[in-house]
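Everything below concerns the one structure shown next.
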Amino acid sequence: MKCNDHAVTEDLLRRRAEHNECEIFSLEEVSLHQQDIERIEHIERWCRDLKILYLQNNLIPRIENVGRLKKLEYLNLALNNIQVIENLEGCESLQKLDLTLNFVGRLSSVAALKENLHLGQLFLVGNPCAQFRGYREYVVATLPQLQCLDGTAVTRSERITANQGLEDLTRRILEQEDQYLRGNAPEKEEGAVERTGSQQTSGSPDSKEKQEDGTESDEERREKEFWHTPCSFTPESRLEAHRHLEKKRMAKEKGEQKKVKPPRTLITADGRVLNVNEPKLDFSLTEDDDSNRIVLDLAVYRHMDTSLMDVDVQPTYVRVSVKGKTFQMVLPAEVKPDSSSAQRSQTTGHLLLHMPRAEGEIKATKAAPRPSKDAARCRPSTLAPNPREAGVPERLEVDASRRLDIANIVACRRVAEGPLEATRQNPVAAAATPSDSFTDDPDVPPLV
């Protein structure tokens, strides 16, 4: 997240102090790189115990407001717009200073580091002063406490040689410094005029006419002129390029917010399910007739976590969400979602879906009973096959003129006479005729 006001704020420090439970008063190390910071403010009041401070790749033009950081040991200001080394005398514990790829042209300002007695490493590579003749000898002679310059250790013999000709060396360095500063001022003005002229030309009516002719758009022409217009590499040009990129980024973000992407249609208004493959994955859909099921093999990424996938099986289609992108496929037959299963392949990592068909319930098959020998004898071979065996439906016809006697459907068989059989044949008559040994006792209640 970028800093909105281009300065160090308390909110920015707290967000960068997550490792210290967002406490800044006891913070010892903080990284504020690539935050578009243009001013160093408030750090020395809020973070007194700071030992390591990363401020590389910002837009800082001056070293300021860090002199009270008595415990600061490492300060990284690489890739900024610093032109003078200053305001570091109060950093008593400073051991390493990185000013790589800045715009330090006043090499004599390195003398401001004499008070930093513990400074052992200094990086000035990529600065204009590093091109001066006698640059290394001057820095080594000016800073006797220095042990390493631009990643190369300072030897004892090198220090002795540099101190012997320090007076003459200082005179040559000041001449080159003055020549650089006098020659750099016209370049700044010239670069600003050229860049301003290119911006004014880009908005002229000619650009609109070329756009109508179809040669190139107005925006493309302005972008091309901005980057191809010659200008010197100065803090101002670097800041202007950053402003241009930031403006372009904000315009792009604003345009993306206006263009709200409509949600993808998965099911039409009339209920028709569409086939969708947003993640663009390979797949195969097969029908296993032996097990009466449909198998979907979806070639998801081998090392993708299963928690990033979501499977939804419906009777007529299946939907799989892979990292927020939808894969949807219409099934050739209706399936049973409750009996479906999803698993990852141990060898390929593919997602395998097994979906049983809805009409494919497993049923036990019984062998057809063989006809008995008597039934085979009764049916002549010349007769037509039984309609039931042939699968032809039969129609039962009833003659309405004949009335069926339901009571006499089953005829009673004549049996040998006897008291038991007679009772079965005519129970009413048997009950009306008592036997010889029957005694009618009025005190006995009736059986019914």
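List of remarks:
- Which numbered condition Asp282 fails, given (1) loosely packed, with under 13 Cβ neighbours inside 10 Å; (2) of a type outside the set (Ser, Thr, Tyr); (3) within 14 Å of His354 (Cα to Cα): (3)
- Total residues in the range 139-160, condition farther than 20 Å from Arg106 by Cα, assigned to a helix (DSSP H, G or I) and either of a type in the set (A, V, I, L, M) or not assigned by TED's automatic domain parsing to the domain that holds Arg106 (or both): 1
- Considered as a group, the residues in the range 21-36 that are within 23 Å of Cys91 (Cα to Cα) and over 26 Å from the mean Cα position of the chain (by Cα) include one that is surrounded by the most Cβ atoms within 10 Å (Cβ to Cβ), and that residue is Leu27.
- Residue count for the range 121-148, restricted to those that are under 19 Å from Glu73 (Cα atoms) and under 44 Å from the mean Cα position of the chain (by Cα): 4
- Restricting Asn76, Asn87 to residues that are closer than 21 Å to Leu32 by Cα, assigned by TED's automatic domain parsing to the domain that holds Ile24, at pLDDT below 95 and of a type outside the set (Phe, Trp, Tyr) narrows the list to Asn87.
- Taking the listed residues Ile52, Ile63, Ile43, the one that is out of contact with any Lys or Arg (no Cβ under 8 Å at 6 or more places or on another chain), modelled with pLDDT of 85 or more and farther than 23 Å from Gly120 by Cα is Ile43, with no other qualifying.
- Residues (β-branched (Val, Ile, Thr) and part of a helix (DSSP H, G or I)) located in the range 12-43: Ile43
- Selected residue [buried (at least 18 other Cβ atoms within 10 Å of the Cβ), under 27 Å from Lys247 (Cβ atoms), in the same structural domain as Gly126 (by TED's automatic domain parsing) and under 35 Å from the mean Cα position of the chain (by Cα)] from Arg16, Arg39: Arg16
- Number of residues in the range 44-61 that are in contact with a strand residue (DSSP E or B) (Cβ under 8 Å, 6 or more places away or on another chain), over 18 Å from Asn20 (Cα atoms) and of a type outside the set (A, V, I, L, M, F, W, C) equals 1.
- Hits in the range 324-349 - residues which are surrounded by 13 or more Cβ atoms within 10 Å (Cβ to Cβ) and either outside any strand (DSSP E or B) or not assigned by TED's automatic domain parsing to the domain that holds Asp288 (or both): Leu331, Ala333, Glu334, Lys336, Pro337, Ser339, Ser340, Ser345, Gly349
The rows are residues; the columns are (1) in contact with a Ser or Thr (Cβ under 7 Å, 6 or more places away or on another chain); (2) of a type in the set (S, T, N, Q); (3) over 23 Å from Lys96 (Cβ atoms).
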{"residue": "Arg16", "(1), (2), (3)": "yes, no, no"}
{"residue": "Glu23", "(1), (2), (3)": "no, no, yes"}
{"residue": "Ser26", "(1), (2), (3)": "no, yes, no"}
{"residue": "Leu32", "(1), (2), (3)": "no, no, no"}
{"residue": "Gln35", "(1), (2), (3)": "no, yes, no"}
{"residue": "Lys51", "(1), (2), (3)": "no, no, no"}
{"residue": "Asn57", "(1), (2), (3)": "no, yes, no"}
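- Some residue of the range 105-119 being closer than 17 Å to Ile60 by Cα, of a type in the set (A, V, I, L, M, F, W, C) and out of contact with any Leu (no Cβ under 6 Å at 6 or more places or on another chain): no
- Subset of the range 296-315 [surrounded by 14 or more Cβ atoms within 10 Å (Cβ to Cβ) and within 17 Å of Glu359 (Cβ to Cβ)]: Val313, Gln314
- Asp270 vs. criteria more than 30 Å from the chain's Cα centre (by Cα) and under 30 Å from Val322 (Cα atoms): yes
- Considering residues of the range 350-364 that are part of a loop (DSSP other than H, G, I, E, B) and at pLDDT 85 or above only, the residue nearest to Asp310 (Cα to Cα): His350
- Residues of the range 291-306 satisfying the condition of being in contact with a strand residue (DSSP E or B) (Cβ under 7 Å, 6 or more places away or on another chain) and of a type in the set (Gly, Ala, Ser): Ala299
- Condition check for Val295 on (1) in contact with a Gly (Cβ under 7 Å, 6 or more places away or on another chain); (2) of a type in the set (A, V, I, L, M); (3) assigned to a strand (DSSP E or B): one failure, at (1).
The values are calculated or read from the model by the stated rules, or taken from the named source; none is laboratory data. The shown structure was predicted, so the numbers you read here are calculated from the model rather than taken from an experiment. Ideal geometry is used to build each Cβ from the backbone, glycine not excepted, and the neighbour counts take in all protein chains shown.
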